[in-house]
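Any read-out appearing in this document is the output of simple, stated calculations on the displayed coordinates, not a laboratory observation. Computed from a predicted model, the values in this text were never measured in an experiment. Heads up, the Cβs are rebuilt from the backbone with ideal geometry, glycines too, and the neighbour counts pull from every protein chain shown.
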Amino acid sequence: MDVTRDIAATRRALAIPRARGDRIGLVPTMGALHAGHIELLATACQACDFSVATIFVNPTQFAADEDLAAYPRTPEQDYDVCRAAGIDLVFQPTAAEMYRPDASTTVTVAGLDRHLCGPHRPGHFVGVATVVAKLFQIVQPDAAYFGRKDYQQLAIIRRMVRDLDMPVDVVGCPTVREADGLALSSRNVYLSDEHRRQAAVIPAALRAVAERIAAGQTGVPDLTTLLADTLRSRGPLEIDYASIVDPDTLQPLETVAGPVVVAAAVRIGQTRLIDNLEVDPPATGD
């Protein structure tokens, strides 16, 4: 496994597999790799001839009051994880390598950031779309692999790729969960033991709403009330949103008439956690 730290060296390292006609897969990460990342890495390695992981804590997607400085960084452990998964190349640039001092170009995917995390993290998705566009330009992968836990991020990247005609197959991989259902996240390490036990309420609340939808309930106001009440049932937390949205537009709905995304973001202690379930209601009619 090779490790590169600058763009030119990364392009040189990719020239050989590209000349061979290899299918190149990319897994963009911010490091602190966990079992969820391992699934992404393994999927890329299985589906592609040459696989690249990027490790970059992207400063442009963090607001001034967010945890950029405290974000966990475990490079040596991350290298071991990538090596064990079969990754061929790790690209680990610095912020100075990725962003020139006078850089003035950003990528905005208008509309899809209007709800869910968008209002609570102003500028976040501009930072995400811009850095992913840069990584796609540097690596030029045939396929890129993202977890479905951050459904909004996945939807925004897919729309960016579609609108800008980027020749990248964006693959959404299933959320990997702990035994109690909590979605794996690098931020889970911030949780105290008490808060970690409480956090299991998030997937439980999503499942409660999914079960009501499966039973035929369609009124979104009552479903979102159930979602919020269940989230609060195991202790104090702050709800950023508890929403049911259209899976393509991410717009809030009033009635469940087709597939939906049930999504929540909460703050337990000082830690912000997100999760979602994609729910397809039962067919109606004859």
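Based only on Cα atoms, what mean projected area does the convex hull of the range 99-176 have, in nm²? Averaged projected hull area, Cα only: 5.7 nm². Length gained on full extension, Asp49 to Thr105, computed as 0.36 nm times the residue gap minus the Cα-Cα distance: 16.9 nm. Loop-resident GluC sites (Glu not before Pro) (DSSP state other than H, G, I, E or B) in the range 187-270 with no more than 11 further Cβ atoms inside 10 Å of their Cβ: Glu254.
When all alpha carbon pairs of the chain are counted in 10 Å bins from zero, the resulting P(r) reads 6, 27, 35, 22, 9, 1, 0 %. Note on the range 112-168 and the range 32-87: Cα centroid distance 16 Å, given to the nearest whole angstrom.
Pairs of C-alpha atoms in the range 186-278 farther apart than 23 Å represent 23 percent of all such pairs.
For chymotrypsin sites (Phe, Trp or Tyr not before Pro), no site in the range 1-69 is both called loop by DSSP and has at most 11 other Cβ atoms within 10 Å. Under the convention that each Lys and Arg Cβ holds +1 and each Asp and Glu Cβ holds -1, the size of the dipole of the range 132-221 around its Cα centre is about 140 debye.
Here the chain is assigned +1 on the Cβ of each Lys and Arg and -1 on the Cβ of each Asp and Glu. Its dipole about the Cα centre then comes out at about 440 debye.
Peptides 167-180, 15-28, 99-112 ranked from most to least packed, by the mean per-residue count of other Cβ atoms within 10 Å: 15-28, 167-180, 99-112.
Of all DSSP bridge pairs formed entirely within the chain, close to 50 percent run antiparallel. Ranking Phe146, Ala13, Pro247 by how far each Cα lies toward the positive end of the dipole of the chain (charges on Cβ) leaves Ala13 at the top. Between the amide H of Val170 and those of Ala144, distances stay under 5 Å, these residues lying 5 or more places away or on another chain, with hydrogens modeled in the peptide plane. Looking at the range 70-169, the trypsin sites (Lys or Arg not before Pro) that sit in a DSSP loop and have at most 14 other Cβ atoms within 10 Å of their own Cβ are Arg73, Arg114. Counting only Cβ charges, +1 for Lys and Arg and -1 for Asp and Glu, the dipole size of the range 186-278 around its Cα centre is about 400 debye.
Label sites at Thr249 and Ala70, each approximated as a point 7 angstrom past Cα along Cα to Cβ, lie 3.8 nm apart. Taken over the Cα atoms of the range 11-83, the convex hull encloses 107 Å³ per residue.
Across Asp113, Asp229, Asp65, mean-square fluctuation computed from a Gaussian network of the chain (C-alpha pairs under 10 Å connected) peaks at Asp65. Spin-label model, Ile7 to Asp165: label points 7 Å out along the Cα-to-beta-carbon direction sit 2.2 nm apart.
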